[in-house]
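The values are calculated or read from the model by the stated rules, or taken from the named source; none is laboratory data. Keep in mind that this is a model prediction, so the values were computed, not measured. Only protein heavy atoms, including side chains, enter the accessible area calculation; ligands, DNA and RNA are left aside. Shrake-Rupley method; radii C 1.70, N 1.55, O 1.52, S 1.80 Å.
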Amino acid sequence: MADHYYTQKPGAAHDERIFDFVLRDHEFRFMTDAGVFSRDRVDFGSLLLIETMRISQTARVLDVGCGYGPIGLCAAKLANQGHVTMIDVNERAVGLARGNAERNQIKNVEILQSDIYEAVKGRVFDVILTNPPIRAGKETVHRIFTEGHELLREGGEMWVVIQKKQGAPSALKKLQEIYRDVEEVERSKGYFIFRATK
């Protein structure tokens, strides 16, 4: 069985492809490859998060588990006077995301390989966005919620997309333990968007 996308060095043979996609009225061209999450198109969960997330023009944003970049690069378009940091454990995804930032002429981004928040410790963000790596297990997903709280300014927000059958009820419970206010902002086709405010 091929290794899944939540790994530092995917072993799958390269199979690069390019597709065009419109997100929040912006046209994007993405290169993807084997060994990264949802390589054939922007997956429904990420799409729902992108359509729902509210990002100010000056926001400092962190995209956790950025993959080849659709969520973070769209956030960078919305925060056109702000800055977006994108992190992923998967070095192939990070390389693709960097290439896609260049391909779409997006300059206000920094893309780093990072095991959860290792590469951004001590920084402060207004917004954290995540389509968490469910295959990495509940412990990893819950660490994203818990450790993310430390990186948010007071009043900052974590936006999470998660499927009901992949643990939305336990994710909601965990978020409510950590954050001052947790709201279900959107729900569609079994996916939930939660906004947790510090």
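Based on C-alpha pairs under 8 angstrom that are at least 6 apart in sequence, the chain has a relative contact order of 18 percent.
Taking the protein heavy atoms of the range 63-121 in the context of the full set of protein chains, the accessible area attributed to carbon and sulfur is 41 percent at 1.4 Å.
Across the protein chains, with a 1.4 Å probe defining accessible surface, the residues R195, R143 rank R143, R195 from largest area downward. Taking Cα Rg over 2.2 N^0.38 Å straight from the coordinates, which label in (i) 0.94; (ii) 1.41; (iii) 1.12 is the correct one? The listed entry that was calculated here is (i). For Q105 and S188, the difference between the fully extended length at 0.36 nm per residue and the C-alpha to C-alpha distance is 26.7 nm. Report the antiparallel proportion of the DSSP beta bridges in the range 84-198 as a percent, rounded to a multiple of 5. Antiparallel bridges: around 60 percent, rounded to the nearest 5.
How many lysine pairs are close in the chain, with Cα atoms under 13 Å apart and the two 8 or more places apart or on different chains?
Working: K77/K107; K138/K165; K138/K173; K138/K174; K164/K173; K164/K189; K165/K189.
So the count works out to 7.
DSSP assigns beta bridges within the chain; of those with both partners inside it, close to 50 percent run antiparallel.
Measuring with a 1.4 angstrom probe and ignoring ligands and nucleic acids, T146 comes out at about 60 Å² accessible.
Calculated accessible area for the range 111-162 comes out at 41 Å² per residue, all protein chains present (probe 1.4 Å; ligands, DNA, RNA ignored). Per-residue ellipticity at 222 nm, computed for the chain from helices alone with -39500 (n - 2.57) per DSSP H run of at least four residues, works out to -8500 deg cm²/dmol. Extension gain for the segment Q81 to R123, taken as residue separation times 0.36 nm less the Cα-Cα distance, is 13.3 nm to one decimal.
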